[in-house]
Amino acid sequence: MDQNQAPVIDALAEHQRLERYGFTPPAHRQGRVVDPRVLEVLGGQSFKADVVASSGLDDRKSSNGYLSKAEELLAAAVGADQAFFSTCGSSLSVKAAILAVTRGEGSS
C-alpha cells in the first residue's frame, strides 16, 4: 500500500480550491467572519482547514471514499486489521479510548 497517499489532505485541498461555502458549523465560515485581530495573530489557514466532513470532504453516509482510504492506510501502517478516525470531536474520542482500554467493564 502506498503510504505516500494523503486522501484527507487531498480532499481538503480540493475543498479549498473550490472555495466552497458551507451552511454547517463551524460558524467562522473558514475564517470569513473572524475578527481581523484574531486572523492577525493566528493566521487564516487554521480556519480554512476547519471544516466538517459532511460539507464536502467525506462522511460515512455520503462517502467519497477519502476517510475509508485514509483509515485503510493507517491500519496498514500500524499492522492493524482496521482503524477508525473520529469525526465527532475529542470528547467522543476520549470516551471511545476509555471503553477500548477498559473493555466497557466497571460502573458507568
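The values are calculated or read from the model by the stated rules, or taken from the named source; none is laboratory data. Because the structure is a prediction, the values reported are computed rather than measured. Every residue, glycine among them, receives a Cβ derived from its backbone with ideal geometry; neighbour counts consider all protein chains shown.
List of remarks:
- Inter-residue pairs, beta-carbon under 7 Å, first within 21 Å of Leu67 (Cα to Cα) and in region 85-104, second of a type outside the set (Asp, Glu) and part of a loop (DSSP other than H, G, I, E, B), 6+ apart: Leu92/Ser86; Ser93/Ser86; Ala96/Ser86
- Considering region 67-86, and only residues there that are of a type in the set (Asp, Glu) and over 14 Å from the mean Cα position of the chain (by Cα), the residue that is surrounded by the fewest Cβ atoms within 10 Å (Cβ to Cβ) turns out to be Asp81.
- Evaluation of Lys48 against the conditions (1) basic (Lys, Arg); (2) touching a helix residue (DSSP H, G or I) at 6+ places or on another chain (Cβ under 9 Å); (3) at pLDDT 85 or above shows that the sole unmet condition is (3).
- Candidates in region 1-20 are the residues that are modelled with pLDDT of 85 or more, of a type outside the set (A, V, I, L, M, F, W, C) and not in a helix (DSSP H, G or I); of these, the one that is nearest to Leu67 (Cα to Cα) is Gln5.
- Total residues in region 52-67, condition at pLDDT 75 or above and assigned to a loop (DSSP other than H, G, I, E, B): 2
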